[in-house]
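What follows is a short report on a single structure.
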Amino acid sequence: MKRKTGRAQARTTRGKRVENKEKTRRAILRAALELFAGKGFYHTTTKAISRKAGIAEGTLFNYFETKEDLALYFFEQELVEVIEWYERDRRVKRAALAEKLFAIIHHFLERLAPYEEFIGAVYLRALAPASKLSPWSLQTQERNLRYLRFIRGILAEAEAAGEFPPVGDFGAYAFGLFHLAIITYWLRDRSRGKEQTLALLDRCLKLGAHVLRKGWDW
Amino acid sequence: MGLVNKNEKSGAVARGYRLGKLGFRLVGSYVGYQAQNLLLGEGERAQRRARFQQKASRRVRDELAALKGPAMKLGQLLSMQTEMLPEEALRELANLQMRAPGMHASLARAQFKSSLGKYPEEMFREFDPEPFAAASLGQVHRAVTRDGEKAAVKIQYPAIRSAIENDFKLLRSATLPGQLSGHVPAALLDEIQRGILEETDYLREADNLEFFGKGLSGLEYVAIPRAHRELTTDRVLTMSYIEGETLSDLLKRKPSQAFRDLLGARLIEMYETQIQRLKALHADHHPGNYLFQPNGSVGLIDFGCVKRISFDVSELRRCYRRRTWRESEASARRFLALAYGRSVPYARARKILPLLEQWCDILYPQDVTADLVIDFRGDPRLESKLKEIRQQHRKRVLQDKLINPEFAFLMRADLGLHYLLRELGATINISEVWRRVSTAPAVGRHGCAFRAPPKAVT
């Protein structure tokens, strides 16, 4: 009996520890993002982040070794948020496929908007093959898979409803690449309110839906 | 979504391709037609011309309908101005409206936020994510403001301005042969581009609403939307909602002739007040822009396309009525400069006068003391005679390069009003309306109730 209670206690303690760690992690991310939005990515020091998050500077490195790790965590959190938002939004869930996909990318971009400079800096780094942020790095695979499954689920629904011919898992990969391309365009878009991105996104998705429905005969 | 045309061709490349194709085909077949003309007898020519016009109008209609974008309006204006097309096709073109691609609810919301910084549901008490009407360059949504007032919110398709600028670059190349031959003057393209780019600025349209709202306030039956400035940007226009039904819906209920005549006279009075008193004209006489109510009030909406009138329309009318060109060469020169612009040489312009005589004999009786009454139900004999003169006039204008860019928008408006009155089938004492307009107390001119219409966008 006693031993069992001890084990259970150990489990709760460990659970609590994990929970606390996650809390600190989020606090650091929040502090970092706020500083990035205010001072910019390059002008934000680790000292400033740790001070704002209320931890010692040494502790910061226990959580995030580099700014890249911070970025990885940021994107993970964003993905979780977008999936949750999609599940909650009944209007978008009922919409046609092109609108759903539009809404997903747009929601992403809206969330990224305050941290544009940070994303821009991170994006450049992700191009290096050795970077943890590279789409091929093992660290990003778990997140990529979650993203691909999420998109695949939406495409499968549309396939089942006969909205367009089956494209299988390939469709999710293709959309993922398109998503990256749009973020790149968005980062470079200097039009007011980034309306060029909206137009491009809309036109590409309509064209894509059209091609899938009718083939290349246009 | 219903608004998204399944056959829509997106992207500048596809639009450019279509536009180029259209330009080359039209110019190509026009050149071909002129070349054949040299070799054919008069009878054959007429047949050929009819065939060319039929083919051309079909092409223009199909291609323009597929283009949908700003290029469509451009083609519409161009073909109406150069008057290459037969009456029937012109009528259809007059009814076509420039349509941007439809926006689904998510895009409309996104564009609203991109322009105003917040989502519509954060700024209105109610907002219908589904549009209830297509507008030039965008679409219109129903909404209720925080104060509980019904509103119409016009949202522009994103980045339409740069799309239009691209279309114009393409059109200028596509119509190069026409520009070189002088049949499509560059000034006409400039005028059309100016007009269309103006339509992309909804702040300007808000200014127009204010200007016409005040300017037409003397006509108690006119309803014009009021802009909500705090909810308006250059790409989103929030205005009060105007109730009413379209003309075709109204006609379904078979209104009495007296009611038709009343509405007809009112339409002309509105038109004349604009061109004579305000010196500015709501130039988009699409039937959907008029909303009628059972009590005879007339709502006028969509002030994106406004034409400032720089010449004296009543002077032109006086010339027509009195045939001033007969008096002396000097007055003939004056008249032709007024009608076709100063740049056209007198010797070339003079050739149009015999046709105008015929035209005036029908429309403007010699007896200047008698009232001018027009039955828009149409006397078929007179109609066909008018049609014939119009066609000859068209040919002359094209051959002698008498195209006047100043008239591009005015003619479109004129034609639009004409078809509206025909559909209404009203009989109107035009002289009486003219007298009423010219003796009405000046609004604004003395009281400074309104500013001059806003300057052109360059």
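The values are calculated or read from the model by the stated rules, or taken from the named source; none is laboratory data. Small disclaimer: the values here were computed from a predicted structure and weren't measured. Ideal geometry is used to build each Cβ from the backbone, glycine not excepted, and the neighbour counts take in all protein chains shown. Ligands, DNA and RNA are stripped out before the accessible areas are found, and what is left, the full protein with its side chains, is counted by its heavy atoms. Shrake-Rupley method; radii C 1.70, N 1.55, O 1.52, S 1.80 Å.
A few remarks follow.
- Our summary gives region A:66-218 a relative contact order of 21 percent, counting only alpha carbon pairs under 8 angstrom and 6 or more residues apart.
- Over region B:162-273, Cα pairs under 8 Å with separation of 6+ residues give a relative contact order of 18 percent.
- Whole-Hz couplings from phi, Karplus 6.51/-1.76/1.60, listed for region B:219-233; x for Gly and Pro: 8, 5, 8, 8, 10, 10, x, 9, 7, 9, 4, 5, 10, 10, 10
- Angle between chain A longest axis and helix A:97-112 axis [Cα atoms, degrees, rounded to 10]: 40 degrees
- Within the accessible surface of chain A, defined with a 1.4 Å probe on protein heavy atoms only, the carbon and sulfur portion equals 57 percent.
- Virtual paramagnetic centre 7 Å along Cα→Cβ of residue A:52, amide N under 17 Å, in region A:109-129: A:112-122
- Surface exposure of region A:1-110, expressed per residue as accessible area with a 1.4 Å probe, stands at 61 Å².
- Amide H within-cut-off set for residue B:281, under 5 Å, with H built and near neighbours excluded: B:307, B:308, B:309
- Environment charge of residue A:144, counting only residues whose C-beta is closer than 15 Å and scoring Lys/Arg +1, Asp/Glu -1: +1
- Candidates per GluC sites (Glu not before Pro) in region B:282-349, loop by DSSP, up to 16 other Cβ within 10 Å: B:327
- Treating r as the C-beta distance of residue B:318 and residue B:186 and R0 as 45 Å, the FRET efficiency rounds to 0.90.
- Computed over the alpha carbons of region A:1-65, Rg followed by Dmax gives 16.5, 57 Å.
- A Förster distance of 45 Å, applied to the separation of the beta-carbon atoms of residue A:181 and residue B:253, puts the FRET efficiency at 0.25.
- As a calculated quantity, the FRET efficiency between residue B:330 and residue B:234 at R0 = 60 Å, using C-beta atoms, amounts to about 0.80.
- Each residue of region A:162-178 was assigned a 3J(HN,Hα) from its phi angle through the Karplus expression (A = 6.51, B = -1.76, C = 1.60, θ = phi - 60°), giving x, 5, 7, x, x, 10, x, 5, 3, x, 5, 4, 4, 5, x, 5, 4 Hz with x at Gly and Pro.
- Backbone geometry of region A:17-25 corresponds, through the Karplus equation with coefficients 6.51, -1.76 and 1.60 at θ = phi - 60°, to 3J(HN,Hα) couplings of 4, 4, 4, 4, 4, 5, 4, 4, 3 Hz, x marking Gly and Pro.
- Filtered GluC sites (Glu not before Pro), region A:48-102: DSSP coil and at most 14 other beta carbons within 10 Å: A:65
- Length-normalised contact order of region A:1-143 in % [C-alpha pairs under 8 Å, at least 6 apart]: 21 percent
- Heavy-atom accessible area, 1.4 Å probe, ligands and nucleic acids excluded: residues of region B:149-172 down by at least 10 Å² from chain alone: B:157, B:158, B:159, B:162, B:163
- Given B:351/B:387; A:21/A:52; A:52/A:194; A:16/A:132, the pairs whose alpha carbons are separated by over 25 Å: A:52/A:194; A:16/A:132
- Buried area at the A-B interface (accessible, heavy atoms, 1.4 Å probe, summed, Å²): 2200 Å²
- Here's how it looks for residue B:223: its modeled amide H is under 5 Å from those of B:298, B:299, B:300, which are all 5 or more places away or on a different chain.
- Amide H contacts under 5 Å for residue B:133, placed H, 5+ residues apart: B:140
- The chymotrypsin sites (Phe, Trp or Tyr not before Pro) of region A:11-77 that meet both conditions, a loop assignment by DSSP and at most 12 other Cβ atoms within 10 Å of the site Cβ, are A:42.
- Global form of chain A, assessed from the alpha-carbon gyration tensor, a/c cut-off 1.5: oblate
- Across the protein chains, with a 1.4 Å probe defining accessible surface, the residues A:24, A:44 rank A:24, A:44 from largest area downward.
- Total formal charge among the other residues, if their Cβ is under 14 angstrom from that of residue B:319, Lys/Arg +1 and Asp/Glu -1: +4
- Cα-based Rg of region A:38-109 normalised by 2.2 N^0.38 Å, two decimals: 1.54
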